[in-house]
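The block underneath contains the structure these notes are about, expressed in structure tokens.
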Amino acid sequence: MIRRISQLGRLLLLAFVCLLPLNAFADPLGIEALRLVQNDDGSQTYSVTIQILAIMTALTLLPAMLIMMTSFTRIIVVLSILRQAIGLQQTPSNQIVLGLALFLTFFIMTPVWERVNAEALQPYIAEEIGPLEAVNLARAPIQEFMLSQTREVDLDMFARIGGYDVIASPEEVPFVVLVPAFVTSELKTAFQIGFMLFIPFLILDMVVASILMAMGMMMLSPVIISLPFKIMLFVLVDGWTLVMGTLAASYGY
């Protein structure tokens, strides 16, 4: 019965898709598929249909843009290393870690997004600029943020690999070079911060293991004994505040 209902639904959907173009073309006032308007200044503007299609396509790339073009990568890597250093495999849970990284990313990226909203989005909504100009204006604050966090060594490497031998100014760095260089620099910085976080917990593990061996308790796992002490040490030094503050300060806050 369920299979018949499913097949009937597929047939109805197919009939709707087949009949939709006929109704659209029968109506003389139907939505235009493609319209190109030549502006007075020589620029070109596409129809609303194509603009909506471009926006919907960009929304599918939004998760990748959030991860690769913001502070999310550094934050999530540091929090994952911190959880591993303490010895807690599932605490905090993945959902909590992702949520914390996401909202800390919003906090760090708020000045950049405010500039994008003021310089590109609001003028475009007010129909003061075209879509292509809005994209170029929105690109400038994001590119400035990424350049401020990218090492020159990484930029030179990807520019050389991509064949961009001559780049006159930082503003002319193409995104195909800037994005991988930015992600590489973020991973390097995240691992540096994670290394500094790992050292005190590693020292505590070594001390506990040495004490257990001296007492002849070699069959007892040092992790069981050191884990409460690591949690207590992290709480006493207000570790979460220090970690969050360090991540925010690494971006100039």
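Among Ser226, Ser148, the sequence by solvent-accessible area, most first, with a 1.4 Å probe is Ser148, Ser226. Translational diffusion coefficient of segment 151-236 (Stokes-Einstein, Kirkwood radius from Cα pairs, 37 °C, 0.692 mPa s): 199 µm²/s. Judged by the gyration tensor of its Cα atoms, with axes a ≥ b ≥ c, segment 69-128 is prolate; a/c meets the 1.5 cut and a/b is the larger of a/b and b/c. The residues of segment 174-253 expose on average 60 square angstrom of accessible surface per residue, using a 1.4 Å probe on protein heavy atoms. The mean accessible area for residues of segment 100-168, using a 1.4 Å probe and ignoring ligands and nucleic acids, is 64 Å² per residue. Accessible surface of segment 68-173, 1.4 Å probe: 62 percent of it comes from carbon and sulfur atoms. Taking GluC sites (Glu not before Pro) across segment 171-222, none is in a DSSP loop with at most 13 further Cβ atoms lying within 10 angstrom of its Cβ. Convex hull volume of the C-alpha atoms in segment 77-228, normalised per residue: 150 Å³.
The values are calculated or read from the model by the stated rules, or taken from the named source; none is laboratory data. These numbers come from a predicted model, not from an experiment. In this analysis, Cβ positions are derived from the backbone assuming ideal geometry, glycine residues included, and neighbour counts consider all displayed protein chains. Heavy atoms of the whole protein, side chains included, go into the accessibility calculation; ligands, DNA and RNA do not. Shrake-Rupley method; radii C 1.70, N 1.55, O 1.52, S 1.80 Å.
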